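The values are calculated or read from the model by the stated rules, or taken from the named source; none is laboratory data. Just so it is clear, the structure is predicted and the values come from calculations on it, not from any experiment. Neighbour counts run over all protein chains shown; Cβ positions are idealised from the backbone, glycine included. Surface accessibility is based on the protein's heavy atoms, side chains included, excluding ligands, DNA and RNA. Shrake-Rupley method; radii C 1.70, N 1.55, O 1.52, S 1.80 Å.
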Amino acid sequence: VTAIVSQNGNAYEDGLSEGWAPWRAYWADPSPTRREACRASLTPDAIREGQYLHGADPSRMSPDGYTLDSAYMARPGADEIQLDLILDYRSNVALYPAFQAYFRAHRPPLLAVWGRNDAHFVPAGAEAFRRDLPDAEVVLLDAGHFALETHAKEVSAFVNRFLGDVVDLR
């Protein structure tokens, strides 16, 4: 690994917001009742408002992303697949200590460029990278979860500069 760029990609439990409570309950007890409690996150309103528009400037948000996501979610069985993925995400969280050990052992350059208003992966998760990678660069934009949807130029400028500093791009 030459370098890591994280755009609201979490590797620390600090970064999981309170909004994860229904999912954490489902991970601990994957009962039908807990599964149903997570289904609310799959509605078109939840996708649009919770994933795309929360913390984002709506004037900078194209409806393409959330409209397409909602259309995909409307396909028969897509909700069940997504609920299975939500359950499986617990295996990712269980690997957080291994990710952190990798960071400490190998010290890859890391840029965390996140939306500070993300309802899911909160800024503490971005800042936590510095515990294991003191030289990590952390940038918090005035954006939501999908910072690239509203701040693509800004994110790409940070990524290009960062990679130019740590990778020979010739």
For Asp135, which of the numbered conditions (1) assigned to a helix (DSSP H, G or I); (2) farther than 23 Å from Leu53 by Cα fails to hold? (1)
Need the failing condition index for Glu80 against (1) closer than 25 Å to Asp142 by Cβ; (2) modelled with pLDDT of 95 or more, just the number. (1)
Pro30 fails exactly one of the following numbered conditions: (1) open to solvent by 30 Å² or more (accessible area, probe 1.4 Å); (2) part of a helix (DSSP H, G or I); (3) of a type outside the set (Gly, Ala, Ser). What is the number of that condition? (2)
When you scan region 114-130, how many residues do you find that are over 12 Å from the mean Cα position of the chain (by Cα), in contact (Cβ under 8 Å) with a residue 24 or more places away in the chain and open to solvent by 20 Å² or more (accessible area, probe 1.4 Å)? 2
Which listed residue, of Gly50, Gly65, is assigned to a helix (DSSP H, G or I) and at pLDDT below 95: Gly50
Among the residues of region 138-170 satisfying the criterion of being of a type in the set (Lys, Arg) and in a helix (DSSP H, G or I), which is surrounded by the fewest Cβ atoms within 10 Å (Cβ to Cβ)? Lys153
Near pairs, Cβ below 8 angstrom, 6+ apart or cross-chain, from region 19-39 (more than 18 Å from Asp79 (Cα to Cα)) to any residue that is open to solvent by less than 70 Å² (accessible area, probe 1.4 Å) and part of a helix (DSSP H, G or I): Gly19/Gly50; Ala25/Ala37
